[in-house]
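Chemist: Quick one: the structure is below, and I'll ask about it shortly.
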Amino acid sequence: MSVVPLRSGVQTEPSSGHAQPVAMIEIDRVSQMFETSGRRSHLALSDISLTIEDGAFVSILGPSGCGKSTLLYIVGGFVTPTAGVAKVKGKAITGPGPDRGPVFQEFALFPWKNVLGNVMYGPRQQGVKRAEAEAQSRRLIEMVGLKGYESFYPKELSGGMKQRVAIARTLAYHPEVLLMDEPFGALDAQPRKRLQNDLLNIWERDRKTVLFVTHSVDEAVFLSDKVVVMTRSPGRIKEIVDIDLPRPRRRADLLLDPHYQKYVVDIEKLIDDVLEDELHP
Ligand code: ADP
Ligand code: MG
């Protein structure tokens, strides 16, 4: 039984004869200029073009300040790009929508609601009947490994547990696209690995489209179909690396796999190049 109801199918263009992968997100020549009080206007993103297929797991890596969060905010509809266009399923993004679920670090849980209340909030807002919303939410809580904690309040949970609740809460909306901005950044190594495994299990079953920002090269390679490496100031795409490793992926197997190791080394080298270019432009 699928815990999360399958999302509705996305149609390909009726005219296209062959089964081409559907572009879930298209970022087309997007630039983002910020006007700041202290300094001149700042070009945070410059001419970013990226197509993300339906069901793909795409990670973004790059030095801090290169515009990773800005890019996620643009796809989330929280920021309108100053040039170019971002589209979801072929339509220009004009604001946030239930098809794109953010899991941002700064999106705190409701402190006055317990775990179940936090997860049920979305479906209840969407008009799902209480009993059904509760049943779905309980399954999601179990799926993220928090069975038994339904009545706990955020202040009673560790950072890792709160992050699990945040993921369950976002999944409860059934977004087609998950936007995850360094969701595991604040976690210690062990809970981080567990959550990576859990996220992969959820993703391998549901195949949601995921746009995932991280600082960790291994995390990006372990999880992703594509890794986008960015440069800083202005943020541009340095390279897009296709991660052609079989799925389902198991950490223990991958760590011994020379292909996996090569991806990690190559991407680390790309990031070194980015930093080197900054020092010696
Ligand atoms: P990252 O997530 O890669 O660390 P951000 O997207 O947060 O980078 O920021 C990219 C750049 O844009 C940074 O130089 C940051 O200071 C600037 N920036 C981000 N948001 C704003 C804003 N609302 N106003 C002005 N500058 C901003
Ligand atoms: Mg950021």
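Chemist: For GLY235, what residues show an amide H to amide H distance below 5 Å, using hydrogens built from the backbone and excluding near sequence neighbours?
Modeler: Those qualifying (amide H under 5 Å, at least 5 residues apart or on another chain) are LEU45, SER46.
Chemist: With the crude spin-label approximation of a point 7 Å out along Cα→Cβ, what separation in nm comes out for SER158 versus LEU279?
Modeler: 3.7 nm
Chemist: Amide H of ILE60: which non-local residues (sequence gap of 5 or more, or other chain) have their own amide H closer than 5 Å, using H built in the peptide plane?
Modeler: Here the answer is PHE212, VAL213, THR214, VAL228, since their amide H atoms fall under 5 Å of that of ILE60.
Chemist: Please list 3J(HN,Hα) in residue order for region 231-246, calculated via the Karplus relation 6.51 cos²θ - 1.76 cosθ + 1.60 where θ = phi - 60°; whole Hz, with x for glycine and proline.
Modeler: 9, 9, 6, x, x, 10, 7, 7, 6, 10, 9, 7, 9, 9, 10, x
Chemist: Above 27 Å lies some portion of the pair distances; for region 152-281, what is it as a whole percent of all C-alpha pairs?
Modeler: More than 27 Å apart: 25 percent of the Cα pairs in region 152-281.
Chemist: Something else about it: Please state, to two decimals, what the Cα-based radius of gyration of region 181-234 comes to when divided by 2.2 N^0.38 Å (N = residues).
Modeler: Rg over 2.2 N^0.38 Å, computed on Cα atoms: 1.19.
Chemist: Work out from phi, with θ = phi - 60° and the Karplus expression 6.51 cos²θ - 1.76 cosθ + 1.60, the ³J(HN,Hα) of each residue of region 45-50, listed in order in whole Hz, and give x for Gly and Pro.
Modeler: Here the 3J(HN,Hα) series is 9, 10, 6, 8, 10, 7 Hz.
Chemist: At 1.4 Å probe radius, can you tell me the per residue accessible area of region 190-248 in Å²?
Modeler: Values: 2360 Å² over 59 residues.
Ligands and nucleic acids excluded, the figure is 40 Å² per residue.
Chemist: Quick one: check the C-alpha center-to-center distance for region 95-127 versus region 186-230, whole angstrom.
Modeler: Taking the Cα centre of each part, region 95-127 and region 186-230 sit 21 Å apart.
Chemist: Per residue Cα convex hull volume for region 204-255, in cubic angstrom?
Modeler: Numbers: hull volume 4.6 nm³, N = 52.
Expressed per residue, the convex hull around the Cα atoms of region 204-255 is 88 Å³.
Chemist: What is the Å³ per residue value for the convex hull set by the Cα atoms of region 67-128?
Modeler: Per residue, the Cα convex hull of region 67-128 comes to 105 Å³.
Chemist: May I ask you to derive the relative contact order of the chain, considering only C-alpha pairs under 8 Å and at least 6 residues apart, and to give it as an integer percent? Show your work: numbers first, answer last.
Modeler: On the way: 496 pairs, mean separation 65.8, N = 281.
Computed over the chain, the figure is 23 percent.
Chemist: While we're here: When the Debye formula is applied to the Cα atoms of region 64-183, each taken as the same point scatterer, what base-10 log of I(q)/I(0) results at q = 0.09, 0.12, 0.21, 0.23 Å⁻¹?
Modeler: Those come out to -0.27, -0.47, -1.13, -1.26, one per q.
Chemist: Order of 204-215, 264-275 by packing, highest average Cβ count within 10 Å first?
Modeler: My ranking of the peptides, most packed first, is 204-215, 264-275.
Chemist: With r as the distance between the Cβ atoms of VAL85 and ASP272 and R0 = 35 Å, compute the FRET efficiency 1/(1 + (r/R0)^6) and round to 0.05. List each step's numbers first, then the result.
Modeler: Numbers: r = 33 Å, r/R0 = 0.94.
Taking R0 as 35 Å, the efficiency between ASP272 and VAL85 is 0.60.
Chemist: Return the single residue from ARG236, ARG192, ARG169 with maximal mean-square fluctuation; model: Gaussian network over the chain, springs between Cα atoms under 10 Å.
Modeler: ARG192
Chemist: Using θ = phi - 60° and the Karplus form 6.51 cos²θ - 1.76 cosθ + 1.60, what ³J(HN,Hα) does each residue of region 160-174 get, whole Hz, x for Gly and Pro?
Modeler: Values, residue by residue: x, 5, 4, 5, 4, 4, 4, 5, 4, 5, 5, 4, 5, 6, 6 Hz.
Chemist: Using the alpha carbon gyration tensor of the chain, what are the three equivalent-ellipsoid semi-axes (square root of 5 times each eigenvalue), largest first, in whole Å? Mind showing how you got there, number by number?
Modeler: Details: eigenvalues 178, 100, 88 Å².
After diagonalising the Cα gyration tensor, the semi-axes are 30, 22, 21 Å.
Chemist: With a 10 Å radius around each residue's Cβ, average the other Cβ atoms per peptide and rank 89-100, 137-148, 51-62, 180-191, highest first.
Modeler: Ranked by mean Cβ neighbours within 10 Å, highest first: 51-62, 137-148, 180-191, 89-100.
The values are calculated or read from the model by the stated rules, or taken from the named source; none is laboratory data. Keep in mind that this is a model prediction, so the values were computed, not measured. Reconstructed Cβ throughout: ideal geometry from the backbone, glycine too, with neighbour counts over all protein chains shown. Each accessible area value is taken on the protein alone, full model and side chains, heavy atoms only, with ligands, DNA and RNA left out. Shrake-Rupley method; radii C 1.70, N 1.55, O 1.52, S 1.80 Å.
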